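Below: the structure, in structure tokens.
Laboratory data are not the source of any read-out in this text; all were calculated from the coordinates shown. Quick caveat: nothing in here was measured; it's all calculated off a predicted structure. Neighbour counts are summed over all protein chains in view; Cβ atoms, including those assigned to glycine, are modelled from backbone coordinates with ideal geometry.
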């Protein structure tokens, strides 16, 4: 994503927009972890998976974000909130720790647009140089202890309704594919298996949500 897109995404988070496309949870007092989709997946939208994002909180609003690209990160701070150290503190105490924990990555790399930003990240976040405009850090090199304290997002009636609709839509899409494949004379065994799994997945998802949230569904 571009800096302009990240800037707009921070505004969207602050305004509470796109609730059906942005799924988030608080992982500390200063950081929200989210998966952000650009739209509902269909033939016209080339979004294979959601963007994994971290949003940094200061003074009760989002001021910065980090896009997790796996092999690299995209860091952005809104212009009016720069030079306060918000992103640096969040990186050191929460985001770097979470990056290493969530998928057991061994090293985190960064690519920079300027030597000045690279020097800042090396000096304030513990990254070490690996090239002219590249640096990396391992879990053991993180300079501060973890402040992660995750809080699961509470389920609402509307979000539960949307979740079940999407599970059913996935089932119907597979059933349509099965019918087409059947008429082509090809085996539908694998599709039948996936359809059956989706039917039972609905119940398993509901059961797990009830257990994790301490509620009874449907509302």
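Values for this structure:
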{"read-out": "Where labels lie 7 Å past Cα in the beta-carbon direction, separation of residue 124 and residue 211 in nm", "value": "4.3"}
{"read-out": "Mean Cα-pair separation over length for segment 95-160, i.e. relative contact order, pairs under 8 Å, 6 or more apart, %", "value": "32"}
{"read-out": "Alpha carbon Rg of segment 3-141, scaled by the compact-globule rule 2.2 N^0.38 Å", "value": "1.05"}
{"read-out": "Likely footprinting exposure, 209, 137, fewest C-beta neighbours within 10 Å first", "value": "209, 137"}
{"read-out": "Relative contact order %, segment 125-215, counting alpha carbon pairs below 8 Å whose residues are six or more apart", "value": "20"}
{"read-out": "Ascending count of other beta-carbon atoms within 10 Å, so fewest first, for 31, 56", "value": "31, 56"}
{"read-out": "Sorted by Cβ neighbour density within 10 Å, fewest at the top, the residues 127, 76, 23", "value": "23, 76, 127"}
{"read-out": "Relative contact order %, segment 3-141, counting alpha carbon pairs below 8 Å whose residues are six or more apart", "value": "16"}
{"read-out": "Pair residue 84, residue 176: separation of 7 Å Cα→Cβ label points (nm)", "value": "4.7"}
{"read-out": "Segment residue 116-residue 158, length gained on full extension (0.36 nm per residue, minus Cα span)", "value": "10.5 nm"}
